[in-house]
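Chemist: The structure is given below, and queries will be raised subsequently.
The values are calculated or read from the model by the stated rules, or taken from the named source; none is laboratory data. Small disclaimer: the values here were computed from a predicted structure and weren't measured. Every residue, glycine as well, gets a Cβ built from its backbone with ideal geometry; the counts of neighbours run over all protein chains shown.
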Amino acid sequence: MSIKQFAEDHPYFIKISQLGLENIICMQTSFMASQAFYGNNELEEDIIYRIVADIAHGFWENKSWVFMMTLVFSLVLKRWIFILISFINSSLMEYYRVHFITIF
């Protein structure tokens with residue numbers, strides 16, 4: 001199955017897919033989307049809730065490709081959880097912008 005076919009078959013999992021010479025695929029389950037900002041307005045004195053993003057270089061065989069993840073702290077689970085995961089095979093800043101726009 002091709003990525004294009006997978007994206008068409010799973011429109012609620014693949015949020016963005018721009019495929020060509022340079023690609024970005026943003027993936028998010030309905031649970032991840034529901035947790036993006038849930039409970040983060042209820043700040044406690046001893047903890048600050050934030051969105052955290054990280055990029056894994058070297059995760060793929062091609063070292064120029066990156067695996068980008070964004071997480072939030074879940075008040076219910078008391079753990080950091082993914083709210084968006086993206087595959088990017090471009091160094092263009094536009095693709096990083098697409099990742100963050102997809103969250104909001």
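Chemist: Working only within the range 51-104, note down all residues that are polar (S, T, N, Q) and farther than 19 Å from LEU21 by Cα. Can you show your working first?
Modeler: Quick first cut of the range 51-104, residues polar (S, T, N, Q) only: 62, 64, 70, 74, 86, 89-91, 102.
The answer is THR70, SER74, THR102.
Chemist: Next question, about the same structure. Determine whether SER90 is modelled with pLDDT under 85, part of a strand (DSSP E or B) and under 20 Å from SER2 (Cβ atoms). I'd like the intermediate steps shown before the answer.
Modeler: Numbers: modelled with pLDDT under 85: yes; part of a strand (DSSP E or B): no; under 20 Å from SER2 (Cβ atoms): yes.
In short, no.
Chemist: Looking at ARG79 and the list (1) closer than 13 Å to ALA36 by Cβ; (2) surrounded by fewer than 14 Cβ atoms within 10 Å (Cβ to Cβ); (3) without any contact (Cβ under 8 Å) to a residue 24 or more places away in the chain, which single condition is not satisfied?
Modeler: Of everything listed in (1) closer than 13 Å to ALA36 by Cβ; (2) surrounded by fewer than 14 Cβ atoms within 10 Å (Cβ to Cβ); (3) without any contact (Cβ under 8 Å) to a residue 24 or more places away in the chain, ARG79 misses just condition (1).
Chemist: Which residue pairs have Cβ atoms under 9 Å apart, sit 6 or more places apart or on different chains, and have a first residue in the range 90-104 that is free of Cβ contacts under 8 Å to residues at least 24 places away in the same chain and a second that is surrounded by 18 or more Cβ atoms within 10 Å (Cβ to Cβ)?
Modeler: Hits for this filter: GLU94/ILE24.
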